[in-house]
Amino acid sequence: MNQIQSNALVMRKLLVFTVVMFGFGFALVPFYEKICEVTGLNNLLQADALEASVEVDTGRWVTVQLDANIRNLPWTFKPLESSVRVHPGELIQVMYEVRNTSDREISGQAIPSYSPQLLGKYLKKLECFCFSKQVLKPNEIRQMPVQFMIEPDFPGDYGTVTISYTFFEIGNSVADTGSDVEKS
């Protein structure tokens, strides 16, 4: 086999490899969505599906305490109300306010946590600032919604739950402000 034939063979193998990897990339999307659905990660709902499939349990109330924290950020962050009462199955929206108290642009990401921890399995979010990175300009104030529902089959022995968000700084904010940032 001469050098030209050898190069052509390598080129064909690389082309096949590229096509296979491109196809694999497309196959990962439904695979990832299924993994998230099974594990409850990023449990984002579609509004139409929610309205059609969920019956509100008006026979009981759950008090949802709202908590906000920051870690090593020159921001203030708080819920606009400290708690809300909801019926399981009821879609509710709460607002949080964040303020960058510094003189530089900063990127942050909020990480949710729940108490009791099993709430994560029954909490379905339609909208949340925690789904994307937030970039705040110097001294910017932003109000951000969280729209959620606690599923009706949430255990009845819990009358009070807590949803907590903690903001962490992400990378070098000035250099990390690409087009993938959602400005909400």
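The values are calculated or read from the model by the stated rules, or taken from the named source; none is laboratory data. As the structure is a prediction and not an experimental result, all values here were calculated from the model. No Cβ is skipped: glycine too gets one built from the backbone with ideal geometry, and neighbour counts run over all protein chains shown.
Against the conditions (1) on the phi < 0 side of the Ramachandran plot; (2) in a loop (DSSP other than H, G, I, E, B); (3) surrounded by fewer than 17 Cβ atoms within 10 Å (Cβ to Cβ), where does ASN139 fall short? Just the number, please.
Status for ASN139: all satisfied but (1).
Yes/no per residue for (1) of a type outside the set (Phe, Trp, Tyr); (2) modelled with pLDDT of 90 or more; (3) surrounded by 17 or more Cβ atoms within 10 Å (Cβ to Cβ); (4) in contact with a Ser or Thr (Cβ under 9 Å, 6 or more places away or on another chain):
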{"site": "VAL135", "(1), (2), (3), (4)": "yes, yes, yes, yes"}
{"site": "VAL146", "(1), (2), (3), (4)": "yes, yes, yes, no"}
{"site": "THR166", "(1), (2), (3), (4)": "yes, yes, yes, yes"}
{"site": "ASN172", "(1), (2), (3), (4)": "yes, no, no, yes"}
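Could you run through the stretch 85-98 and say how many residues are part of a strand (DSSP E or B) and buried (at least 16 other Cβ atoms within 10 Å of the Cβ)?
Qualifying residue count, the stretch 85-98: 4.
Return the pairs, sorted by first residue and then second, in which the second residue is at pLDDT 95 or above and in a loop (DSSP other than H, G, I, E, B), the first residue lies in the stretch 129-156 and is under 24 Å from VAL64 (Cα atoms), the beta carbons are less than 8 Å apart, and the residues are 6+ apart or on different chains.
Going by the 8 Å Cβ cut-off, the qualifying pairs are GLN143/LEU80.
For residues that are outside any strand (DSSP E or B) and of a type in the set (Ser, Thr, Tyr), scanning just the stretch 99-124, find the one that is farthest from VAL161 (Cα to Cα). Can you show your working first?
Start the filter on the stretch 99-124 by keeping residues that are outside any strand (DSSP E or B), which leaves 101-105, 116-122.
Of the ones still in play, those that are also of a type in the set (Ser, Thr, Tyr) are 101-102, 122.
Working: THR101: 30, SER102: 33, TYR122: 11 Å.
In this case the residue turns out to be SER102.
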